[in-house]
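Below is one structure, written out as structure tokens; the observations come after it.
Every read-out reported here was derived from the displayed coordinates using simple, explicitly stated rules and does not represent laboratory data. None of these values were measured; they are calculated from a predicted model. Cβ placement follows ideal geometry from the backbone for every residue including glycine, while neighbour counts extend to all protein chains displayed.
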Amino acid sequence: ERTDKKPARYKFIKSNVPIGNVQIHKAELSEIPRCECKPDQEDACTSDCLNRMMMYECHPAACSAGEKCHNQRFQKRQYPECEPFKSETRGWGLRCLDDIKKGQFVHEYVGDLIDEEECKRRIEQAHDDNITNFYMLTMDKNR
């Protein structure tokens, strides 16, 4: 079922939103892994890129390949075309409108970053409202 309606309380966001006692650690430029790709390479930062092999994206300020870098899908938000949809049994989801190859990056998962207190409050509220379709993800303290 395709629909133009957005989910109730749905708001498109481009990055995570910290709420409550949540701190976001931003890496120093000196901590970011640098590949050995060269700016004169035609296909810089493809399969031979050390960062790509380690499944780490090149940072625009740290990659010597510059504009020729092909390993910055997160920063450039290069995602297949997708749309939100309402499923019959599990609430809202996201479906891709393009074919996806095995191992291809699909989309960055973003949302509210909440502390334990807010998590408990939201779960209790969902229970009170008889909402059974929601998703919580726990992240490591060091990330």
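Once the chain from residue 43 to residue 81 is taken as fully extended at 0.36 nm per residue, the excess over their C-alpha distance is 11.2 nm. Please label the shape of the range 32-76 as rounded, prolate or oblate, based on the square roots a ≥ b ≥ c of the eigenvalues of the alpha-carbon gyration tensor (a/c under 1.5 means rounded; beyond that, a/b larger than b/c means prolate, else oblate). The shape class here is rounded. Between residue 125 and residue 89, what length in nm is gained on full extension when 0.36 nm per residue of separation is reduced by their alpha carbon distance? Additional length available on full extension: 10.9 nm.
Computed from phi, the 3J(HN,Hα) profile of the range 25-31 under the Karplus parametrisation 6.51, -1.76, 1.60 (θ = phi - 60°) reads 8, 9, 5, 6, 4, 5, 8 Hz, with x in place of Gly and Pro.
Close amide H contacts of residue 82 (hydrogens built in the peptide plane, cut-off under 5 Å, sequence separation of 5 or more or a different chain): 97.
For residue 105, no residue whose modelled amide H falls within less than 5 Å of its own remains once neighbours fewer than 5 places apart on the same chain are excluded.
For the range 68-143, a simple Cβ point-charge model (Lys and Arg +1, Asp and Glu -1, everything else neutral) yields a dipole of about 620 debye relative to the Cα centre. Counting only alpha carbon atoms, the long axis of helix 116-128 and the longest principal axis of the chain meet at about 40°. Which aspartates and glutamates have a Cα less than 17 Å from the Cα of residue 102, not counting those fewer than 8 places away in the same chain? The qualifying aspartates and glutamates are 81. Relative contact order of the range 32-76, taken over Cα pairs closer than 8 Å and 6 or more residues apart, is 43 percent. Dipole magnitude for the chain: about 240 debye, using +1 per Lys or Arg Cβ and -1 per Asp or Glu Cβ, origin at the Cα centre. Annotation: amide H of residue 113 within the under-5 Å range of 17, 19, sequence separation 5 or more or interchain, hydrogens built in the peptide plane.
Taking square-rooted eigenvalues a ≥ b ≥ c of the alpha carbon gyration tensor, is the chain rounded, prolate or oblate, where a/c under 1.5 means rounded and, failing that, a/b exceeding b/c means prolate? Before the final figure, lay out each step's value.
On the way: a/c = 3.08, a/b = 1.60, b/c = 1.93.
Verdict is oblate for the chain.
Excluding same-chain neighbours fewer than eight residues apart, the lysines reachable from residue 11 by a Cα-Cα span under 17 Å are 86. Could you work out the helix-only [θ] at 222 nm for the chain, with each DSSP H run of four or more residues adding -39,500 (n - 2.57) and the total divided by the number of residues, to the nearest 500 deg cm²/dmol? So the helix-based figure for the chain works out to -3500 deg cm²/dmol.
Across the chain, Cα pairs under 8 Å and at least six residues apart give a relative contact order of 27 percent.
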